[in-house]
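Read through the structure below, which is laid out as structure tokens, and then see the notes.
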Amino acid sequence: MRALLLFLFYYLVVTPAGLLARLVRDPLSRRRNPDAATYWIPSEKS
Amino acid sequence: MSDLVLGISAFYHDSAAALVADGVPVAAAQEERFSRKRHDSSFPSQAVTYCLDEAGVSFDDISAVAYYEDPRLKFRRVMATFAGAAPTAFPFFRAALPSWLSADGKRHTDQTVRRELQALGRGRVPRVSVRRHHESHAASAFFPSPYESAAVLCVDGVGEWATTTLWHGRGTTLEAVAELRFPHSLGMLYSAFTYFCGFKVDSGEYKLMGLAPYGRPRYADLIRDTLIDVKPDGTFRLDMRFFEYLRGQTMTGRGFERLFGGPRRMPEGQLTEREFDLAASVQEVTEEVMLKLARTARERTGESKLCLAGGVALNCVANGKITDAGIFDEIWIQPAAGDAGGALGAAQAVAMERGASRDHLGTGRDAMSGSLLGPAYDDDEIAAYLTANGIPHRRLDDEELVKQVAAGLADGKIVGWFQGRMEFGPRALGARSILGDPRDPAMQSAMNLKIKFRESFRPFAPAVLAEDAKDYFDLRQESPYMLLVARVAAAQQLEAPESGVSGLDLLRVRRSTIPAVTHVDYSARVQTVDEHSNPRYHHLLGAFKARTGCPVLVNTSFNVRGEPIVRTPHDAYTCFMRTNIDMLALGGFLLDKSEQPAWTEKSDWREEIPLD
């Protein structure tokens, strides 16, 4: 039962959300950026 | 009474506990030394109990507990990874998600920590505060360092999101400057090659580094062209099409196989030239990235000192390149640079916020006490153990003990050296060490095969009197924690006939006056020993020098392959009897193998210790 729920959740929720996110932006910053001088992300000030 | 903060790292690998008093580390230990399970990731109950006992306190005396990473932030990263890797990561998703979602799951690790601590029955546990994984590393690198201000660089696999962070440490504050995030990780890149070469991730990285000098970096350009895009400032992105860790538990798959000519080496399989060359290549790229990051750290902070932590900071070859390049006047590396040290860093970060000061700065020394922060056994306890078990021994005064051990070493004997408080961090530094004569060309092979029962290619490290280090090694600064690799000094090098010799045959070439600790590229992972941090060890090196003229000893951790370093006199005696160690110095007692009764065990102990 749990395996089935996980299966449905993964393919009906996680997958479409992930694919959609990748259409609009690059959530894990996977693309290379040849023009950028740096890949640093400035730290959030706490 | 001092303001006490307890730090905990747990549930990934190398669980540990650390106690700081007014910001100063007073006790720290990894759980593996108690549970005898290497890299034990379970809750460090025994290490916590030890820390409380060492200070003679209960939780009622402790102001705060600090956990070394933020479980909720980590959960968000794991979820983002699932979404990012969809639709190919279902098996990983199915295996991992339930452990995050359940009521006592990993999202609420801080509550789990509090519950586990409460279960120890040692008083009322204070609030558990969480620090970010890289903040814990950065705090462990900077606050105990001897520097008033410094650039701080943390590089590891991953914690929550950050994989590489740059900080500016000043006084009792740490300012975050910039970071790189998962999945782009130098630690993961190195681990991927560790896995591909048939070693275990999170422990075999050390072997890969030791293997690198046997090879040629003929894959380095391929790595630069395909796997990693490095900017001039050292920041980078990996090409995730070649890595599997977004999708599951393995590191590499077909992409790597296509690039590097076939399937990965299986564990314990034959080592071939490909593995030597892969090791040399990824090591070269790692060094390049670390050097560039170090230059950037200097430019961005304007500091002349650098502090390092994170698993990649255990890459002592890369550390040596940073010091040799002269980018900084001096660098300091946290001896427990891996996740165990996160326990210490988290505690120190909280302690500094609570108003602790860094009083050690006036002394010019660091605040780590030589990293000798673990349990000690005094001579009364050792005597009780020896007598109760009928173990033949001789009790000697300090002078005589050191003299007899030095004489044994000079005669080619291998000595177990068990003294004082146990080391915190992965290296043995002369408290739980096996020692030998570095001048003996057969010593490296003998110690690998007959004592440690491990692969013959693995190098051994020298311990050297700090005052004589410059005569033997091209070392620009002290290296008290064996985290810098330096070249053996030209005066000690011998002309070696190397034409036509390659791979593991390089091992047989005698390259210096201290061949047992000279790696095939004339490098050595040096520990400089001063009188202050470990007087008896310093005394022994002095006695060995007086007898032989050589101020250097081979120093390796007191254990066999796959086993954690020994903690108690019993652990030490067992290891002594199971191996070909000739003498054992237990505190003020000397044991000779030839005087010991026959050792019998019901089963083959070697089958009970998993290979590392």
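Annotations
- Shown is the FRET efficiency for B:Gln118 and B:Met266, computed with R0 = 60 Å from the Cβ-Cβ distance and rounded to the nearest 0.05: 0.85.
- Calculated from the alpha-carbon coordinates, chain B shows an Rg and a Dmax of 23.5, 69 Å respectively.
- Kirkwood hydrodynamic radius of segment B:544-612, from inverse mean 1/r over distinct Cα pairs, in Å: 14.0 Å
- For the pair segment B:514-553 and segment B:225-260, the centres of their Cα atoms are 40 angstrom apart.
- Each stretch of four or more DSSP H residues adds -39500 (n - 2.57); spread over every residue of the protein assembly as shown, this sum gives -9500 deg cm²/dmol at 222 nm.
- Label-point gap, in nm, between B:Met79 and B:Asp60 - each point 7 angstrom along Cα→Cβ: 4.2 nm
- Computed over segment B:297-342, the P(r) tail beyond 13 angstrom holds 55 percent of alpha carbon pairs.
- Segment B:Thr363-B:Thr226, extension gain: residue separation times 0.36 nm, minus the distance between their alpha carbons: 44.5 nm
- Computed Rg/Rh of segment B:416-521, alpha carbon atoms with Kirkwood Rh: 0.97
- Rg followed by Dmax, in Å, when segment B:1-138 is reduced to its Cα trace: 16.3, 57
- Relative contact order for segment B:411-512: 18 percent, from Cα pairs under 8 Å spaced at least 6 residues apart, divided by residue count.
- Between B:Ser129 and B:Glu455, the FRET efficiency from the beta-carbon distance, with R0 = 45 Å, is close to 0.60.
- Total charge dipole magnitude, segment B:338-383, about the Cα centre, Cβ charges on Lys, Arg, Asp, Glu only, Debye to nearest 20: 420 debye
- Segment B:223-279: equivalent-ellipsoid semi-axes (sqrt of 5 x gyration tensor eigenvalues, Cα, Å): 23, 15, 10
- Pairs from the list B:Lys74/B:Lys207; B:Lys37/B:Lys106; B:Lys106/B:Lys305; B:Lys37/B:Lys413; B:Lys207/B:Lys403 with a Cα-Cα gap above 32 Å: B:Lys106/B:Lys305; B:Lys207/B:Lys403.
- Calculated P(r) of chain A - Cα pairs past 15 Å, %: 64 percent
- A quarter of the convex hull surface defined by the alpha-carbon atoms of segment B:341-401 gives 7.4 nm² as the mean projection.
- Net dipole in debye of segment B:73-135 [+1 Lys, Arg Cβ; -1 Asp, Glu Cβ; about Cα centre; nearest 20]: 220 debye
- Separation in nanometres of the label points that stand 7 Å from Cα toward Cβ, at B:Glu595 and B:Ser304: 5.4 nm
- Rg and Dmax of segment B:190-262, Cα atoms only, in Å: 12.6, 33
- Average projected area [Cα convex hull, segment B:96-214], square nanometres: 11.1 nm²
- Taking Cα centre as origin and charging only the Cβ of basic (Lys, Arg, +1) and acidic (Asp, Glu, -1) residues, the dipole magnitude of chain B rounds to 1640 debye.
- Cross-link partners for B:Lys231 among the lysines, with Cα-Cα distance under 22 Å and sequence neighbours closer than 8 places in the same chain left out: B:Lys292, B:Lys321.
- Here, P(r) means the percent of Cα pairs in each 10 Å bin from 0 to the largest distance; for the protein assembly as shown it is 3, 16, 26, 28, 19, 7, 2, 0.
- Only beta bridges with both residues in chain B are counted; by DSSP, about 70 percent of them are antiparallel.
- FRET efficiency for the B:Asn389 to B:Asn580 pair, using the beta carbon distance and R₀ = 22 Å, is estimated at 0.55.
- Convex hull volume per residue in cubic angstrom - Cα atoms of segment B:442-599: 134 Å³
Read-outs throughout are calculated quantities, based only on the coordinates presented, and are distinct from any laboratory measurement. Quantities reported herein were computed from a predicted structural model and do not represent experimental measurements. Neighbour counts are summed over all protein chains in view; Cβ atoms, including those assigned to glycine, are modelled from backbone coordinates with ideal geometry.
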